[in-house]
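For reference, the structure is listed below as structure tokens.
The values are calculated or read from the model by the stated rules, or taken from the named source; none is laboratory data. Note that the structure is predicted; figures quoted are calculated from it, not measured. Here the Cβ positions follow ideal geometry from the backbone for every residue, glycine too, while neighbour counts run over all protein chains shown. In case anyone asks, the SASA skips ligands and DNA or RNA and just uses the protein heavy atoms, side chains included. Shrake-Rupley method; radii C 1.70, N 1.55, O 1.52, S 1.80 Å.
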Amino acid sequence: MKPLASDVRQRLITWSPSVTLVPTRHCFNACDYCGFRLPLTAAARDWLSDEQALHLLQSRPWSSEVLLLSGEVAPGSTSRGAWLTRLLVLSRLALRAGRLPHTNAGPLSRHEMATLGRLNPSMGLMLEGLGPAHDAAHRHAPSKALAVRLAQLEQAGRLGIPFTTGLLLGLGESRQQRREALEVLALLQRQWGHLQEVILQPWRPGGGAAMPLNRDERADLLETIAEARVLLPPEVHLQLPPNLWPLEHLCEALEAGIDDLGGIDSSDVINPDHQQPGPDQLRQVLAADGWMLQPRLCVHEAWIPRLPAGLRRSVERLSHRLVTAD
Ligand code: SF4
């Protein structure tokens, strides 16, 4: 039987055509699981240049989102100002190139976040998770303290910035701790209404230990996805990075509640050992189970009216490009 129009609408899964710019891999934190970080040394001044950024943008002409994903400079460091300036310059460069920046660069002061928020239609910061396993993995990462993360999410809410957050799942946290983290995010959303997406990110080791999720791990995560769908308000999209879930089982996660695959570039700079499926491959896999893949901007449609007028115009100018990307 042919599906009804309403059924087709319900089986949409979105993604954001994206290019990732890394202003720096140097980071003053040292999370146990990180394969991205370079230690911050006094000599570290290797900011991504404008020329390098433009080259990357030109190499991904289909991308509408520019993900600015950066290692962090400690608050109070003499390099902090130069680092923030680089983020602002790259955000402007993205806008001038007709793309939309989305910055995820760790905790920011109110002034830093507000300044970046005038150029970024959306921004992001993972909550990560709570409980002793997360505390242990982040014992050398002051930015990852739960109180710091919660204060950031609240600050973004007060500033009205459409925001992406998420949980890193599988570090050893209990089901109860996952539930508590989801309840905290639900409360924040009810208070501020700014959480457009929650990423449910399976932790996967890299290098020689890089393995796809097995059946038991998937079953565990599927319960958390379903629970997230119940606990979080319905307007909050649930996101899963498609390279961290076996492609042949991806539709299980969609059936459980995932409705967004996030920003997709040709590779994943955080998990480079987990190959990024391309949109054509995804479209084919999903169509076999009756799902339609649809491109979106970094800011979801329902949050666009909240943007300042200048940014709203940039977003509206870009909307038509999604049709081309599709
Ligand atoms: S904050 Fe991010 S870049 Fe820095 S060590 Fe932790 S995971 Fe790596």
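Rounded to the nearest 20 debye, the dipole size of the chain about its Cα centre is 1180 debye, using +1 on the Cβ of Lys and Arg and -1 on the Cβ of Asp and Glu.
Given a 1.4 Å probe, how much area per residue of the chain is accessible, in Å²? Walk me through the numbers on the way to the answer.
Numbers: 14570 Å² over 326 residues.
Heavy-atom SASA per residue in the chain reads 45 Å².
Under 16 Å from a label point set 7 Å out along the Cα-to-Cβ vector of L150, the amide N atoms of segment 171-208 belong to 177-192.
Put a dot 7 Å past the Cα of D280, heading toward its Cβ, do the same for E301, and the two dots end up 2.7 nm apart.
Computing the accessible area with a 1.4 Å probe over protein heavy atoms, can you report the carbon and sulfur percentage for segment 16-325? Don't skip to the end; give the middle numbers.
Details: 7270 of 13200 Å².
Heavy-atom surface of segment 16-325 belonging to carbon and sulfur, 1.4 Å probe: 55 percent.
For the pair R139 and A97 in one chain, pulling the backbone fully straight at 0.36 nm per residue adds 11.2 nm over the alpha carbon distance. Computed on the chain, with alpha-carbon pairs under 8 angstrom and 6+ residues apart, the relative contact order is 22 percent.
Quick check: from the Cα gyration tensor, does segment 94-206 come out rounded (a/c under 1.5), prolate or oblate?
Values: a/c = 1.87, a/b = 1.62, b/c = 1.15.
Cα axes put segment 94-206 in the prolate bin.
Across segment 23-91, counting alpha-carbon atoms alone, Rg and Dmax equal 13.1, 38 Å.
Once you divide the Cα radius of gyration of segment 16-325 by 2.2 N^0.38 Å, the number left is 0.94.
Using a simple spin-label model with pseudo-atoms 7 Å out from Cα toward Cβ, A309 and V230 lie 4.7 nm apart. Taking the chain as a whole, the Cys residues whose C-beta sits 4.7 Å or farther from every other Cys C-beta are C27, C251, C298. For GluC sites (Glu not before Pro), the sites in segment 232-289 that DSSP calls loop and that have at most 15 other Cβ atoms within 10 Å are E235.
Taking Cβ atoms as reference points and 13 Å as the exclusive limit, the residues near H237 contribute a net charge of -3, counting Lys and Arg as +1 and Asp and Glu as -1.
Which helices, taking whole DSSP H runs in the chain, have alpha carbons extending 18 angstrom or more along the helix axis plus mean Kyte-Doolittle at least -0.5? What comes out of the filter, once short or polar helices are dropped, is 80-96, 146-159, 215-231, 309-325.
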